[in-house]
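Report on one structure; see the data block that follows.
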């Protein structure tokens, strides 16, 4: 195992283009706008020398750090590997301009939300009264492509948005994305009453599914989507509650029932006092699967779930 590398070798390694490095290693990458997405680990996205593996809460910059994170290399091993193949040198980094503030593209909305509402209630089984409430609060919309838009609102201002496709694309996948320039540590959130607790989810759909299941029980709660597993979103929401004059009495981790979701919940619960935190992971893959499974039990029984008066 390599124990020492020279300063010159480190400099060469640091200047290797990350995309060229991964493509020549055979990693399946697909360009999506300004980003590249890994086709096996589809929550791993790369832009220039920056990377984010959202399902594992891994974010960073630089090809050496990526090699250590993704391939499990030591620092010397990563440096030597990056020196070995004559990889392309990254483009000179131009002076970075300040990030433009998010501007919600309201002109892209359509008045008729039928497709979005049908998707939420019929495909995802979100309770219709919840969907109507979100519509009345201007927290959801439909865009010109038929996507559901989940607006990230803070103090009445839209600071970002998730977009969820309602039908398959040509490659069979369902579109899922976050608007460009969305506030990096914000997320879709809903207040039920005057919140004194935070419930954390991996997506807006999961948050609304949980609300549909526990509609009669949730009170004085803020449901927050991290759009993945994002530590900074959790921290941001705790700070925001304080700024808004709400005391946080309780935090519940409602992540997916998989390795990444469980590890995230356990990791951050251990950093909080037991009296302050709780884990409520779905029985199925995620909370939407739980919701659908519960409703399937009433398939042959007349059930008031889909009555808007219930």
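Results for (1) over 28 Å from residue 217 (Cα atoms); (2) touching a helix residue (DSSP H, G or I) at 6+ places or on another chain (Cβ under 9 Å); (3) in a loop (DSSP other than H, G, I, E, B), shown as yes or no for each residue.
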| position | (1), (2), (3) |
| --- | --- |
| 126 | no, yes, yes |
| 132 | no, yes, no |
| 146 | yes, yes, yes |
| 162 | no, yes, no |
| 176 | yes, no, no |
| 195 | no, yes, yes |
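Restricted to the range 193-205, and to residues that are more than 12 Å from the chain's Cα centre (by Cα) and crowded, with 18+ Cβ neighbours inside 10 Å, which residue is farthest from residue 288 (Cα to Cα)?
195
Of (1) touching a residue at least 60 places away in the same chain (Cβ under 8 Å); (2) under 24 Å from residue 246 (Cα atoms); (3) in contact with a strand residue (DSSP E or B) (Cβ under 6 Å, 6 or more places away or on another chain), residue 162 satisfies all except one. Which?
Exception for residue 162: condition (2).
May I ask you to list the residues in the range 1-26 that are modelled with pLDDT under 80 and surrounded by 15 or more Cβ atoms within 10 Å (Cβ to Cβ)?
5
Tell me, please, whether a residue that is within 19 Å of residue 32 (Cα to Cα), touching a strand residue (DSSP E or B) at 6+ places or on another chain (Cβ under 7 Å) and outside the structural domain of residue 59 (by TED's automatic domain parsing) can be found in the range 182-192.
Within the range 182-192 (the criterion being within 19 Å of residue 32 (Cα to Cα), touching a strand residue (DSSP E or B) at 6+ places or on another chain (Cβ under 7 Å) and outside the structural domain of residue 59 (by TED's automatic domain parsing)), the answer is yes, since at least one residue qualifies.
Have a look at 208, 223, 218 and point out the one that is in the same structural domain as residue 119 (by TED's automatic domain parsing), outside any helix (DSSP H, G or I) and crowded, with 24+ Cβ neighbours inside 10 Å.
That would be 223, the only listed residue that is in the same structural domain as residue 119 (by TED's automatic domain parsing), outside any helix (DSSP H, G or I) and crowded, with 24+ Cβ neighbours inside 10 Å.
Given the options 247, 285, name the one that is part of a loop (DSSP other than H, G, I, E, B), exposed (fewer than 15 other Cβ atoms within 10 Å of the Cβ), free of Cβ contacts under 8 Å to residues at least 60 places away in the same chain and touching a helix residue (DSSP H, G or I) at 6+ places or on another chain (Cβ under 9 Å).
None of the others qualify; the one that does is 247.
Output yes when any residue across the range 78-96 is modelled with pLDDT under 90, outside any helix (DSSP H, G or I) and over 23 Å from residue 22 (Cα atoms), and no when none is.
yes
The values are calculated or read from the model by the stated rules, or taken from the named source; none is laboratory data. Computed from a predicted model, the values in this text were never measured in an experiment. We place every Cβ from the backbone using ideal geometry, glycine too, and count neighbours over all the protein chains shown.
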